[in-house]
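The values are calculated or read from the model by the stated rules, or taken from the named source; none is laboratory data. Everything numeric in this text was worked out from a predicted model, so none of it was measured. Here Cβ is always computed from backbone atoms with ideal geometry, including for glycine, and neighbour counts include all displayed protein chains.
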Amino acid sequence: MCGDTLCQLQLGTDITSYVAGVKNAPLLSNGRGDWLAYQLNQTAPPLVLQNLTSGRQQRFNGVTSYSFDPNGRVLLLQTSNGLQWIDLSDGSQREVWSTATGGKPEFTIEKYVFNAQGTRLLFMLRDATGTDRSIWYYQPGMPKASLRITNQSAGLLPRTRISNNALQFSNDDGYIFFKVEELADTTLPDPDAAGVDVWSYRDSVLQETQLSELKKPVLHSMVTDTGGSRIVRLYLGAERASYALGIVKDRFTIVSELALTDKFWLQTPLYCWRLSLKDGTRQLLGKGQYYPFSYSPKGNYLVYYDQKQAQYFSYDIVAGKARGISKNIPTLLSNEYNDRPILPMAVGIAGWLEGDSTILIYDNYDIWKVDVRGLNSPVNITGGYGFQHHIKFRLLEDPLPGNNINNTSSLVLVAFNTRNKHNGFYRVELSNPKALPKLLTMEAGMYWHTASQVPHDLLYEMKPVKARDTDIWLLQYQSTTEARNYVITRNFKDFSKLTDFQPQKDWNWLTAELVSWKQLDGRTSQGVLYKPEDFDPKKKYPLILFYYEKLSQELYQFPRPMYCEGDLNIPWFVSHGYLVFTPDIYYTIGNPGASAYNSVVSAATYLSKRPYVDAHKMGIQGHSFGGFETNYLVTHTHLFAAAATASGFSDLISDYGGVLGEKFHMNYYETGQIRVGTSLWDNPDLYIANSPVFKLKTVTTPLLIMHNKADGINWGQQAIELFTGLRRLNKKVWMLQYDKGNHLLGQKEARDYTIRMTQFFDYYLKNKAVPNWMAEPIPAKKKGINSGLALEKESRIP
């Protein structure tokens with residue numbers, strides 16, 4: 001806890017040892033972990049290298065920085081005089097590079113990186129001015145490191161210099177990737193010139209964005225072989241508009257480039273090139289919308305998904321030929337949760353089989369084995385079982401890049417049932433294509449599932465981890481009523497608990513119920529109803545609906561108790577005597593507000609008929625996009641007794657063409673989350689219909705707004721526009737703006753917001769006393785002096 005003491009525990013015993021006064025002690029995540037290095041917090045701190053097996057220690061003086069290679073076989077020491085390579089297998093020391101003796105060193109080491117195996121080293125030197133850099137190469141067997149690249153090397157772009165932004169080996173260790181940065185323009189502005197930004201319709205990027213970009217270096221990626229014989233430019237454009245596909249095959253690699261522009265309406269295609277690292281020549285692979293890309297393990301093929309054609313293609317890198325490989329797959333290859341007005345994204349690629357010519361591809365539910373040469377028809381290795389039983393299958397163990405899956409492997413699959421939200425594992429045998437997946441376990445709980453199995457990523461979840469030398473897996477298990485704990489398994493049928501922390505048992509916790517109902521449009525939707533642990537069906541409870549697109553997949557996720565940073569915290573409000581319901585919302589393009597109405601109002605109406613729900617005491621709360629939905633709902637229904645909105649927007653028209661920092665909102669409305677699907681001028685009625693500010697006169701629901709001036713996601717002026725309109729119409733409205741708040745709140749601010757939102761809902765949904773801050777205005781001069789949190793027991797708001 002004091003942050004300077006290193007503790008070592010000998011596993012299987014209670015033996016611990018402590019080393020005090022430790023400055024730093026990086027821990028190895030790979031390799032056998034036989035070694036530990038730490039530096040003591042002293043004036044001239046020695047570095048201690050300890051063998052954890054034998055206990056033997058060595059000390060090194062004058063070390064300024066140090067690093068293990070990725071596998072823990074080499075320790076690299078940087079001193080004021082140079083670099084030392086320590087081979088941990090035999091303790092031998094090699095001098096990689098050293099400064100001139102005597103006086104101040106002319107160069108300092110700025111960056112160094114190992115290859116993946118820890119057998120080669122790259123490092124960068126910088127002169128005293130900080131502008132002249134060079135890149136050096138070393139591997140055991142060389143007497144000293146060898147200079148490879150300088151700012152004067154042939155092949156660098158004009159008016160550029162080596163950047164310290166990145167330095168790495170290619171996957172095959174045959175090439176060095178590095179970046180250069182453009183030199184700053186030293187032309188001085190005319191002192192008599194007016195300071196003016198000239199915006200033009202021909203700008204590829206808005207002036208606002210260009211001005212912020214001036215603070216960043218303009219980078220270009222370069223590559224050369226480890227001998228430094230020829231330098232090749234990877235991309236034709238600027239670094240921020242380009243993408244590396246970084247494996248190298250027969251001196252060829254694939255690069256993709258997107259024109260640097262924010263004119264999204266032009267649908268600028270992604271250009272893909274086969275680049276020769278031998279002479280820098282390029283061959284156009286194609287132009288379109290591609291995602292994802294995957295190299296075969298030996299680098300012979302590239303597989304990519306063409307979004308326009310909704311098909312996978314393979315590309316023979318050496319022959320330079322492409323072919324369609326998924327046209328015989330009858331099921332949906334794009335993610336079913338995509339309901340935005342954009343081209344659908346592929347679910348993804350599972351991995352490659354041995355032989356370099358067969359790939360596993362996901363559809364929404366099942367997994368297909370596909371021949372990238374096009375010689376054999378695709379085979380569904382899960383036999384359509386996932387689609388038939390509403391179970392999404394994904395590989396538990398993602399193969400590492402460059403690795404492949406044994407053709408006879410028995411694969412463990414992560415399974416998620418989209419209907420009942422159960423989670424677990426199945427096994428499939430690649431050697432028996434006719435065998436259906438075998439059930440291992442499915443629980444009304446949660447172990448883990450991938451992002452493509454649910455509408456949104458789950459927070460705070462740990463991917464299962466396999467032991468290095470044995471077939472044992474470490475997982476976390478949780479449910480609504482059981483906190484996250486570690487378990488281990490060998491077969492994914494039997495699980496042994498390693499921990500049993502259950503902090504919720506000390507509190508009035510909650511239960512969760514999956515509810516299905518018909519929306520106003522007749523479609524069946526799902527949601528989760530959270531009840532207090534001491535729920536009494538004979539009582540009447542106030543109900544709060546909290547929403548953000550789809551949340552039913554969190555049915556068995558242990559809800560994390562915390563202050564409300566923006567979202568309503570479910571355990572907090574349930575433990576305070578509320579029912580909370582999280583409905584799934586299905587969107588139609590052009591009608592985001594009506595889509596929320598369709599789901600939330602129908603859910604509230606459905607639940608209000610339950611005998612324990614107080615139909616007159618229902619509230620709503622949403623944050624960000626959910627805040628917009630709250631703003632829309634209070635302007636279109638009188639059903640709710642109170643509403644709280646946080647960091648949402650209220651006027652699509654005033655926000656549509658705005659720029660917030662580097663964020664250009666127009667794309668957000670047309671093709672992004674707002675889902676309007678058209679421009680303001682092509683269909684202004686849609687923008688008016690979805691803008692709550694045009695309907696403020698209809699509001700009868702008391703509203704609490706939280707939106708901060710420094711919000712970097714949604715413009716704070718949107719909340720002011722909403723508040724001033726409601727105030728002008730004499731509606732019941734309060735607004736909270738936190739000095740240190742952004743789109744989310746920090747701990748201190750979140751505590752305050754949680755208290756105020758609780759008081760707000762307590763007043764309107766529980767008939768509790770009104771707090772001072774709601775009953776009477778707090779003058780600005782009393783900010784930080786009078787919180788207004790005290791309750792006025794006798795007062796009621798007129």
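Things worth noting here:
- Restricting attention to the stretch 60-74, the residues that are in a strand (DSSP E or B) and either in contact with an Asp or Glu (Cβ under 8 Å, 6 or more places away or on another chain) or not assigned by TED's automatic domain parsing to the domain that holds ASN41 (or both) total 1.
- Those residues of the stretch 727-742 which are at pLDDT below 95 and under 17 Å from PHE628 (Cα atoms), in sequence order: ASN742
- Here is the figure for the stretch 747-780: residues that are without any contact (Cβ under 8 Å) to a residue 24 or more places away in the chain and in a loop (DSSP other than H, G, I, E, B) total 6.
- Considering each residue of the stretch 711-726 in turn, none proves to be assigned to a loop (DSSP other than H, G, I, E, B) and at pLDDT 95 or above.
- Exactly one residue out of LYS550, LYS518, LYS531, LYS493 is of a type in the set (Lys, Arg), surrounded by 13 or more Cβ atoms within 10 Å (Cβ to Cβ), within 26 Å of ILE391 (Cα to Cα) and touching a residue at least 40 places away in the same chain (Cβ under 8 Å): that is LYS550.
- Those residues of the stretch 113-164 which are assigned to a loop (DSSP other than H, G, I, E, B), of a type in the set (Val, Ile, Thr) and touching a residue at least 60 places away in the same chain (Cβ under 8 Å), in sequence order: none
- Per the listing SER647, SER691, the residue uniquely in contact with an Asp or Glu (Cβ under 8 Å, 6 or more places away or on another chain), polar (S, T, N, Q), crowded, with 21+ Cβ neighbours inside 10 Å and more than 23 Å from ARG756 (Cα to Cα) is SER691.
- If you go through the stretch 680-730 and keep only what is touching a residue at least 24 places away in the same chain (Cβ under 8 Å), hydroxyl-bearing (Ser, Thr, Tyr) and more than 23 Å from LYS617 (Cα to Cα), you end up with TYR687, SER691.
- Selected residue (criterion: modelled with the highest pLDDT) from residues of the stretch 208-251 that are more than 23 Å from GLN283 (Cα to Cα), surrounded by fewer than 16 Cβ atoms within 10 Å (Cβ to Cβ) and among the aliphatic types (A, V, I, L, M): LEU211
- Of the residues LEU520, LEU475, LEU510, the single one that is closer than 24 Å to LEU413 by Cα and of a type outside the set (D, E, K, R) is LEU475.
- Every residue from the stretch 502-535 that is in contact with a Leu (Cβ under 9 Å, 6 or more places away or on another chain), among the acidic types (Asp, Glu) and not in a loop (DSSP other than H, G, I, E, B): GLU513
- When TRP448 is tested against the conditions (1) aromatic (Phe, Trp, Tyr); (2) in contact (Cβ under 8 Å) with a residue 40 or more places away in the chain; (3) assigned to a loop (DSSP other than H, G, I, E, B), the lone failure is (2).
- Filter pass, ASN364 being part of a loop (DSSP other than H, G, I, E, B), under 30 Å from TYR587 (Cβ atoms) and outside the structural domain of VAL232 (by TED's automatic domain parsing): yes
- Within the stretch 753-798, tally of residues that are surrounded by 13 or more Cβ atoms within 10 Å (Cβ to Cβ), among the β-branched types (Val, Ile, Thr) and more than 18 Å from GLY619 (Cβ to Cβ): 1
- Note on the stretch 686-709: residues that are closer than 20 Å to HIS638 by Cα, within 32 Å of the chain's Cα centre (by Cα) and part of a helix (DSSP H, G or I) amount to 1.
- Residue count for the stretch 380-402, restricted to those that are surrounded by fewer than 16 Cβ atoms within 10 Å (Cβ to Cβ) and in contact with a Pro (Cβ under 6 Å, 6 or more places away or on another chain): 1
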